[in-house]
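What follows is one structure encoded as structure tokens, with my remarks underneath.
The values are calculated or read from the model by the stated rules, or taken from the named source; none is laboratory data. All of these numbers come straight from a predicted model, not from anything done at the bench. Note: ideal-geometry Cβ built from the backbone for every residue, glycine included; neighbour counts use all protein chains shown.
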Ligand code: SF4
């Protein structure tokens, strides 16, 4: 794993030009002013949120929209306010609390991460990049986000929203490449202000713009605070010429089948027979149940199936 310190080419290019009249610093300042007045009121953004609260929010937000995360995040932090509390919980309770956030493997990873923090870091989320990256389930994005939003440290927070905003403003393209490249990360570092506080604001504001205005399908350029700096808009919003972007299907997929089985397990107070899970294709149902057991999300109890008691 390459750390941000390794792929950062040097000092931030705050005088780098977006186009003839504007610098990166102009865009960052405009975006920061917009964010100060328009940021959504999300509970993990309050000053009293602990680093653990930030880490939990980042894992929950990875594949779930913020509006669906607010309630489970609050309940989760009420129930397990520190990593040690989550580490000592029964995994079946953790998976039930994850509820319908989707991609429940994140809940298992979060519990493993909590165990490592409580055992190896005195129940405190570390602020060091390498220590964060060494935690189970913490990748480069999450480590950077925790450093920025929990500890106010300058880091390269590059999620799907920020990548899209930069692709448009800076690259003049509607979408970023499918996977991050070294060149993209180097260029993105140029956009991160030198000062810790400004850098954190930049990351939060760019992410917010991508989530609420500069969205993937229908960017609202007429309401965009940085429209005057946007290369893609300036070029007449040219059509995407990269690989076709196919919407993920859901009906009939293994993901839907796994979700159906997990719902049945979460709702049950005792182990359930797979035959009781309503799913037309028996082979697919058995295959999905086996994959849930393999992933540690379900456990055999004789011929029946239940949520696991521990990770
Ligand atoms: S002008 Fe449109 S495309 Fe450009 S950053 Fe703003 S919302 Fe995104």
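Kindly indicate the residue of segment 209-219 that is over 17 Å from residue 170 (Cα atoms) and in a helix (DSSP H, G or I) and also farthest from the ligand (Cβ to nearest atom) among those meeting that condition. Among those residues, the one meeting the criterion is 211. Among the residues of segment 108-130, is any without any contact (Cβ under 8 Å) to a residue 12 or more places away in the chain and closer than 29 Å to residue 248 by Cβ? The answer is no; no qualifying residue exists. Among the helices (runs of 4 or more DSSP H) confined to segment 113-175, the ones with at least 1 residues that are within 26 Å of residue 194 (Cβ to Cβ) and outside the structural domain of residue 212 (by TED's automatic domain parsing) are located at 129-133, 140-151.
The one condition from (1) touching a helix residue (DSSP H, G or I) at 6+ places or on another chain (Cβ under 7 Å); (2) away from the ligand (no atom under 11 Å from the Cβ); (3) modelled with pLDDT of 95 or more; (4) outside any helix (DSSP H, G or I) that residue 203 does not meet is (4).
Restricting the search to segment 88-106, which residues are under 13 Å from residue 56 (Cα atoms) and crowded, with 20+ Cβ neighbours inside 10 Å? Residues satisfying the conditions are 94, 98, 101. When residue 80 is tested against (1) within 19 Å of the chain's Cα centre (by Cα); (2) not assigned by TED's automatic domain parsing to the domain that holds residue 200, only condition (1) is not met. The criterion of at least 3 residues that are within 16 Å of the ligand (Cβ to nearest atom), surrounded by 12 or more Cβ atoms within 10 Å (Cβ to Cβ) and in contact (Cβ under 8 Å) with a residue 40 or more places away in the chain is met by the following helices (runs of 4 or more DSSP H) wholly inside segment 220-308: 231-234. Taking the condition of being within 11 Å of the chain's Cα centre (by Cα) and more than 13 Å from residue 211 (Cβ to Cβ), how many residues in segment 63-72 meet it? So the answer is 1.
The residues of segment 177-198 that are under 17 Å from the mean Cα position of the chain (by Cα) and farther than 26 Å from residue 110 by Cβ amount to a single one, 178.
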